[in-house]
Amino acid sequence: MPIFFKPSASDFSLSADSIGNRWLQEPVVRPNGFPLYHWIQTERGEGLLTLEGQELLLKPGDGVLMLRMCRMNTAKTTAAGCGLHPF
């Protein structure tokens, strides 16, 4: 699973901090959220994303843009594994 990091350019209103792909996501619990806006997308399988207590079932190709510091959990729901990608 490659992850790519590049320093953010301060003169842009939107930039990427890191990008990962082909990610077999382990369960994640972030009770205090993530300090940056966060995009997560499912490549294959299904994943359960819980945002601020609301459960969302992500199927292949589904993605969600999360606000900063948004309480979240992830879990895979299929035996084959879940390709949830944090971007």
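Quick notes on this structure:
This table checks each residue for (1) touching a strand residue (DSSP E or B) at 6+ places or on another chain (Cβ under 8 Å); (2) surrounded by 14 or more Cβ atoms within 10 Å (Cβ to Cβ); (3) among the hydrophobic types (A, V, I, L, M, F, W, C); (4) modelled with pLDDT under 85.
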residue	(1), (2), (3), (4)
Ser15	no, no, no, yes
Gly33	yes, yes, no, no
Leu57	yes, no, yes, no
Leu65	yes, no, yes, no
Thr74	yes, yes, no, no
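- Close pairs from segment 48-68: first under 16 Å from Pro27 (Cα atoms), partner among the charged types (D, E, K, R) and part of a strand (DSSP E or B), Cβ under 9 Å, at least 6 apart: Leu48/Glu55; Leu48/Lys76; Leu49/Glu55
The values are calculated or read from the model by the stated rules, or taken from the named source; none is laboratory data. Quantities reported herein were computed from a predicted structural model and do not represent experimental measurements. Glycine gets a Cβ as well: all are built from the backbone with ideal geometry, and neighbour counts include every protein chain shown.
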